[in-house]
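Chemist: Starting off with a structure, shown below.
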Amino acid sequence: MSMYDVVIGLEVHVQVRTESKMFCSCPNKYGAEPNTLVCPVCMGYPGVMPVPNRKAIEKTIMAGLMCSCSIAPYSKFDRKSYFYPDMPKNYQISQYDLPFCLKGKVHISGKGFSGEELGDKEIGITRIHLEEDVAKNTHLAGYSGIDFNRAGVPLMEIVSEPDMTTADEAYAYLSALKQIMQYAGISDCDMEKGQMRCDVNISLKPTGAVKFGTKIEIKNLNSFRSVHRSLLHEIKRQGKLLDEGKILSQETRGWNDDLGETYLLRSKENAHDYRYFPEPDLMPFKFTDSDIDAFKKGLPELPEAKRERFVSSMGLTTYDAHVLTLEKAYADYFEEGVAFTKNTKQLANWIITELLRELSNANVSIAESKIRPKQLAELVELISSGAVTGKTAKDVFTEMFQTGKDAQSIVKEKGLVQVTDSSEIEKFVTQAIEQNPSQAEQYRSGKTTVFQFFVGQVMKLSKGKANPQIVQKLLKEKLDS
């Protein structure tokens, strides 16, 4: 593949999280019985009038600002005409030449999906426009069904520049975009619920050539992993055809996840004529500099800025900060816990190594965890103060995860408080040495590795309650005397 440069652009559709749909008062809600969240407006009855959802427009502006876009001072909605069963009006209210957001960028860095270093790179955004979603088609053997509950849901289309050159970069861009949308409360971006959908445009050109190759579009990709896999496949497929001297045609392809390959959906010789014209039932929108400044004041902290703050102010490693900001819920959990402990690094370790593992095994989200941030921070404090050992803390954590009880209550009920009284620990040390005279002789003869054997014996005699530091100190004094 060194003979070709790869050019990748993405069109990402993101449902905006609002209480109601884009142009009517029907609930914007997932999972209801089919065709129960509909009204004359979203069903396209004659004579109805759309009313724009202010919150959806505000969140679109916020998305643009979070992605460093410039906000158009003058914007409007347009009619996009086409005939398909999922669009009851036979046109979609969208935006064409005057979208809300223009010319932004998303920063990617770190390691890609396959583990390779990406370096630091900015992926350009051409535009972000707002439109209404279409109904959901379901194709079964012998018939098709349409659920109009989704028709009219506010939907942003985020169009990237063709700045990506690898499948890893595309995966990283999608991940960064998802984080931004979640952190700003714009969308939950749950791909299983259709809240984030992606179409891929890819072409290959001879290395160093200025002119792009023939663009191939891959539609209906329902996961980041599918985007990554389909790009790897398509790069290989197109490269092979070009090596054979074949000419690629502009076309739209689908993705078969089971077979791991793309397939032809339709040839695409010319762009579709959607006959755009300004939506006559909606007034244009004007935004002043003071309007845009007001939006900027309400922006949340970007994931990238949060990672930097976790490293610089919280004493976390780059890896810790990366994991804790993968999901907004992780970062929120950590920051809530920080209010109850100064041991931020230890709290991060417990979230990353213990909590996230158990949540994954139980297949529950961090929001559903029975251990709340304050409770985990209190367990960290018990360890830091020497009230419990690290081993005991893991047993306490297991019960906390299962029951939701506080660490202090479990420690008290089961008598797990760490023994820090030197006189008490000394009794266990003496007993361990007396019960193992041959090992004591080995130690005194120079076999110092046997020391850990005695540490284990003392901890066993104390049922894991003895303070390990005091144990080692007293053992060394006794064995060396």
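Every number here is computed from the coordinates shown, using simple stated rules; none is lab data. As the structure is a prediction and not an experimental result, all values here were calculated from the model. Positions of Cβ are backbone-derived with ideal geometry, glycine not excepted, and every protein chain shown enters the neighbour counts.
Chemist: Tell me which GluC sites (Glu not before Pro) from the stretch 247-351 have a DSSP coil assignment and no more than 15 other beta carbons within 10 Å of their own.
Modeler: Of the GluC sites (Glu not before Pro), the ones in loops of the stretch 247-351 whose Cβ has at most 15 other Cβ atoms within 10 Å are GLU269, GLU301.
Chemist: So, in nm, how far is label ASP97 from label THR448 when the simple model puts each one 7 Å beyond its Cα toward the Cβ?
Modeler: 8.3 nm
Chemist: Treating the beta-carbon of each Lys and Arg as +1 and of each Asp and Glu as -1, no other charges, what is the dipole magnitude of the chain about its Cα centre, to the nearest 20 debye? If you can, show how the numbers build up before the last one.
Modeler: Values: 61 positive and 64 negative charges, 93 e Å.
That gives the chain a dipole magnitude of about 440 debye.
Chemist: Shifting gears a bit: What nm distance separates the two modelled labels at GLU192 and SER68, each placed 7 Å from Cα along Cα→Cβ?
Modeler: That separation, rounded to one decimal, is 3.4 nm.
Chemist: Per-residue HN-Hα couplings for the stretch 336-341, Karplus 6.51 cos²θ - 1.76 cosθ + 1.60 at θ = phi - 60°, whole Hz, x for Gly and Pro?
Modeler: These are the phi-based 3J(HN,Hα) values: 5, x, 4, 5, 10, 7 Hz.
Chemist: Taking the Cβ-Cβ separation of LYS205 and TYR276 as r and a Förster radius of 30 Å, what is the calculated FRET efficiency to the nearest 0.05?
Modeler: The pair LYS205/TYR276 has a calculated efficiency of 0.50.
Chemist: Once you charge only the Cβ atoms, +1 for Lys and Arg and -1 for Asp and Glu, what is the size of the charge dipole of the stretch 10-87 about its Cα centre, to the nearest 20 debye?
Modeler: 200 debye
Chemist: Under a straight-distance cross-link criterion of Cα-Cα below 18 Å, which lysines are reachable from LYS193, leaving out those fewer than 8 residues away in the same chain?
Modeler: LYS21, LYS29, LYS136, LYS178, LYS219
Chemist: I'm checking a number: the convex hull volume of the Cα atoms of the stretch 1-119, normalised per residue, in Å³. What is it?
Modeler: Cα convex hull per residue, to the nearest whole number: 205 Å³.
Chemist: If the chain between ILE146 and SER385 were fully stretched, how many nm would it gain, using 0.36 nm times the residue separation less the Cα-Cα distance?
Modeler: That pair, ILE146 and SER385, stretches by 80.0 nm at full extension.
Chemist: Considering the chain, which cysteines have no disulfide-compatible partner, defined as another cysteine with its Cβ under 4.7 Å away?
Modeler: Cys with no partner Cβ under 4.7 Å: CYS24, CYS26, CYS39, CYS42, CYS67, CYS189, CYS198.
Chemist: Over 16 Å apart: what share of the alpha carbon pairs of the stretch 422-480 falls there, rounded to a whole percent?
Modeler: Values: 522 of 1711 pairs.
Counting every Cα pair in the stretch 422-480, those more than 16 Å apart make up 31 percent.
Chemist: Would you mind working out the magnitude of the charge dipole of the stretch 301-413 relative to its Cα centre, with +1 at each Lys and Arg C-beta and -1 at each Asp and Glu C-beta, to the nearest 20 Debye?
Modeler: Approximately 180 debye in magnitude.
Chemist: Over what distance in Å are the Cα centres of the stretch 432-481 and the stretch 322-360 separated?
Modeler: The distance from the Cα centre of the stretch 432-481 to that of the stretch 322-360 comes to 36 Å.
Chemist: Starting from the Kirkwood Rh over alpha-carbon pairs, what translational D in µm² s⁻¹ does the chain have by Stokes-Einstein at 20 °C and 1.002 mPa s?
Modeler: Translational D for this selection: 80 µm²/s.
Chemist: Another question about this same structure. Could you check the spin-label model distance between GLN469 and CYS39? Points 7 Å from the Cα along Cα→Cβ, value in nm.
Modeler: 6.5 nm
Chemist: Now, a different point. Along the charge dipole of the chain, pointing to its positive end and built from +1/-1 on Cβ of Lys, Arg, Asp and Glu, which listed residue (ILE180, THR448, SER20) has its Cα farthest out?
Modeler: So the residue furthest toward the plus end is THR448.
Chemist: Which loop trypsin sites (Lys or Arg not before Pro) in the stretch 434-481, with loop taken from DSSP, have no more than 13 other Cβ atoms within 10 angstrom of their Cβ?
Modeler: LYS447, LYS463
Chemist: By how many nm would the segment from GLU335 to THR138 lengthen if fully extended, with 0.36 nm per residue of separation less the alpha-carbon distance?
Modeler: 66.7 nm
Chemist: Let me ask another. Helix 224-243 versus the longest principal axis of the chain: what is the Cα-based angle in degrees, 0 to 90, to the nearest 10?
Modeler: Helix 224-243 and the main axis of the chain meet at about 60 degrees.
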